[in-house]
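Below: the structure, in structure tokens.
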Amino acid sequence: MAFEYLNVNALLNRFNAHQQHMERYIGFLGTVDFVFESEQVLSKPLSPKHWQSKVLLMAQVDETQNGLYEITETGLWQRVEGELEVGNVTALRKESSKFFKLVALKANKQRWQAFNLI
């Protein structure tokens, strides 16, 4: 029985290309460390366990405060600036099956919701 040569590098490159294509197609924004589904006070620093992390706010009363934030090494909030489009997706780093999608974007007001890929 003859064995065919399997080029593992070419296979991995192909998987990587497919992943990049899917990320561009669905507007994948990367991962976040924490998701807050309750209102947060942005003038108040977060606890040390959140320092130097990326978070998603989903439930601010003022919807202009919803979105992606970097938390500094002192717990302060810094908004992540960038071009957003309805349909952009981010994932929760610690749980591979948790995704969040930007469902509305009007005048800097963002509305995010959890969604499943399956």
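The values are calculated or read from the model by the stated rules, or taken from the named source; none is laboratory data. Only a predicted model underlies this, so the values are computations on that prediction, with no experimental measurement involved. Note that each Cβ is placed from the backbone with ideal geometry, even for glycine, and that neighbours are counted across all protein chains shown. The accessibility values were calculated without ligands, DNA or RNA, using every heavy atom of the protein model including side chains. Shrake-Rupley method; radii C 1.70, N 1.55, O 1.52, S 1.80 Å.
Restricting attention to the range 56-92 and to residues that are aliphatic (A, V, I, L, M), free of Cβ contacts under 8 Å to residues at least 24 places away in the same chain and open to solvent by 50 Å² or more (accessible area, probe 1.4 Å), the residue that is nearest to Asn108 (Cα to Cα) turns out to be Val86.
For (1) assigned to a loop (DSSP other than H, G, I, E, B); (2) within 22 Å of Lys98 (Cβ to Cβ); (3) at pLDDT 95 or above, each residue gets a yes or a no:
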| site | (1), (2), (3) |
| --- | --- |
| Glu4 | yes, no, no |
| Asn9 | no, no, no |
| Asn13 | no, no, no |
| Gln19 | no, yes, no |
| Leu29 | no, yes, no |
| Leu56 | no, yes, yes |
| Ala59 | yes, yes, no |
| Gln78 | no, no, yes |
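Determine which member of the set Ser53, Ser96 is surrounded by 14 or more Cβ atoms within 10 Å (Cβ to Cβ), of a type in the set (S, T, N, Q) and without any contact (Cβ under 8 Å) to a residue 24 or more places away in the chain. So the residue among Ser53, Ser96 that is surrounded by 14 or more Cβ atoms within 10 Å (Cβ to Cβ), of a type in the set (S, T, N, Q) and without any contact (Cβ under 8 Å) to a residue 24 or more places away in the chain is Ser53.
Within the range 99-118, if we keep just the residues that are out of contact with any strand residue (DSSP E or B) (no Cβ under 9 Å at 6 or more places or on another chain) and part of a strand (DSSP E or B), the residue that is least open to solvent (accessible area, probe 1.4 Å) turns out to be Lys109.
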